[in-house]
Amino acid sequence: MKAVVCSEGKLEVADIEGPRPGRGQVLINVLRCGICGSDLHARVHCDDLAELAATTGYDNFMRSDQRVVLGHEFCGEVVGYGPGCRKRWRPGTRVVALPILRNGREPQLTGLSAQAPGGYAEQVVVQEAMTFAVPNGLSPDHAALTEPMSVAWHAVRKGRVGKGQTAFVIGCGPIGLAVISMLRAAGVKTIVASDFSPRRRELAVRCGADVVVDPGVESPWTAVPKKGRITGVTDVLNLGFDAMERLRRIPNLPWWYAFRLTHTLNAGPTGPVVFECVGVPGIIDQILTAAPPMTRVVVVGVCMESDRFQPAMAVNKEIELRFAFGYDPGEFRDTLHMIADGKIDPAPLITGTVGLDGVDNAFTALTNPEHHAKILIDPASTTTTP
């Protein structure tokens, strides 16, 4: 089959042996495959990523001297089955799948491992247990974005944003835009997006941001009214005074039970939820310094370099720091259905489509944030310029 092969940091279109489904696996024809930012990074920094993955316990991440077919955001049609399958779908059924295979007890990351070729190809193998039929006649373009939108949905769920809380999205690349879309789908009423790129700010509005900010001109933290919000430590201390004055006006009231109940129900005062979607050194420290007390920070951007921040700043503000990566099968399935049911619209993210011969050009185009967010690959297309 025809595929785009990555080796030593170079991409080439080659004829390679078609994949064969193993036990419990399904062979699909690729209809669309998205180009992810992690693909761009893995192309030139896969050895560093492999060392990091090995430290976490995964030893099969791609290396620069291997020949690897990238691509983990795909939609396709069922072609055939390997042994041990339940054969859930007829040939031609459109499906999406979590990009992970398992041979025996050995998991492989599809598109990021030499043992699991990805979707930059005419065909790809998926695990039947991790595969889902595309509902409601959803287009392959939109179905292919199930994977990146699932990453965003997992991050939003990790953030546990209340509908009345303000959500800040710092960085409006593809993952930041997906987070904005998912926040809007979750019913969050106030979403502030921040990015230096005019094009990305425009896309942030289309994805559902209420306020967009150029951080070179305006601080995102002052872009929404302060009334009723915690903006500094003084606000937190005054809340304590106000609560005690009210409670002690009631004779014989065991007021301390009110505090215990508040903690039990997790109903105390809170700041906003911030999604860090940039992934470069210094951003976390900037957020910890500028964000209001009691903020929850969800780190979604993947920074591969060492970073520094001042723990005392976060301690004094009681800022909660969380890190989000990936998704679970339930989140993946729910994301697919949210797209198919029209609850989220991934269309603003899609800014171009190329065939396999245009993948190298697409990688180059994606380095400029003013032109593209998400470029899709259509293996049947002859288009070479996104």
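Each value in this text was obtained by applying a stated rule to the coordinates, not by laboratory testing. What you see is a predicted model; the values in this text were computed from it and never measured. Counting neighbours? That spans all protein chains shown, and the Cβs are built from the backbone with ideal geometry, glycine included.
By how many nm would the segment from TRP256 to ARG308 grow when fully extended, if each residue of separation counts as 0.36 nm and the alpha-carbon distance is taken off?
14.8 nm
Between region 143-178 and region 37-113, how many Å separate their Cα centres?
Rounded to whole Å, the Cα centres lie 23 Å apart.
Please list, in order, the residues from region 316-358 whose amide nitrogen is less than 18 Å from a point placed 7 Å along the Cα→Cβ vector of ASN266.
318-325, 328, 331
What list of ³J(HN,Hα) values in whole Hz, one per residue of region 377-386 in order, does the Karplus curve 6.51 cos²θ - 1.76 cosθ + 1.60 (θ = phi - 60°) give from phi, with Gly and Pro shown as x?
10, 10, x, 8, 8, 9, 5, 10, 10, x
Could you identify which residue out of VAL26, VAL224, VAL78 has the top mean-square fluctuation in a GNM of the chain using Cα springs shorter than 10 Å?
VAL224
Please find the FRET efficiency linking LYS2 to ASP214, where r is the Cβ-Cβ separation and R0 is fixed at 41 Å, and quote it to the nearest 0.05.
Once rounded, the FRET efficiency stands at 0.45.
Would you kindly state the longest site-free stretch of the chain, with sites defined as GluC sites (Glu not before Pro) in a DSSP loop (not H, G, I, E, B) surrounded by at most 15 other Cβ atoms within 10 Å?
Within the chain, the longest run free of exposed GluC sites (Glu not before Pro) spans 18-217.
Under a cut-off of 23 Å between alpha-carbon atoms, report the lysines in cross-link reach of LYS2, not counting same-chain residues fewer than 8 places apart.
Excluding near neighbours in sequence, the set is LYS10, LYS374.
Compute the length gained on full extension between ASP345 and ARG248: take 0.36 nm times their separation in residues and subtract their Cα-Cα distance, giving the result in nm to one decimal.
Details: separation 97, 0.36 × 97 = 34.92 nm, distance 5.09 nm.
Separation in residues times 0.36 nm, less the Cα-Cα distance, equals 29.8 nm.
How far is helix 146-159 tilted off the main Cα axis of the chain, in degrees rounded to 10, range 0 to 90?
20
Could you state the angle between the C-alpha long axis of helix 37-56 and the longest principal axis of the C-alpha atoms of the chain, as a value from 0 to 90 degrees rounded to the nearest 10?
70
So, in Å, what gap is there between the alpha-carbon centers of region 275-341 and region 236-273?
Each part reduced to its Cα centre gives a spacing of 28 Å.
Setting aside same-chain residues fewer than 8 positions from LYS163, which lysines have a Cα under 21 Å from its Cα?
Reachable lysines: LYS189, LYS226, LYS227, LYS343.
Rule-of-thumb check for region 136-287: C-alpha Rg over 2.2 N^0.38 Å?
1.29
Helix 174-185 versus the longest principal axis of the chain: what is the Cα-based angle in degrees, 0 to 90, to the nearest 10?
60
At 222 nm, what value in deg cm²/dmol follows for the chain if DSSP H runs of at least 4 each add -39500 (n - 2.57) and the sum is divided by all its residues, to the nearest 500?
Details: 11 runs with 118 residues, N = 386.
Computed mean residue ellipticity for the chain: -9000 deg cm²/dmol.
Can you give the extra length, in nm with one decimal, that the chain gains between VAL280 and PHE196 once fully stretched, where that is 0.36 nm per residue apart less the Cα-Cα distance?
28.8 nm
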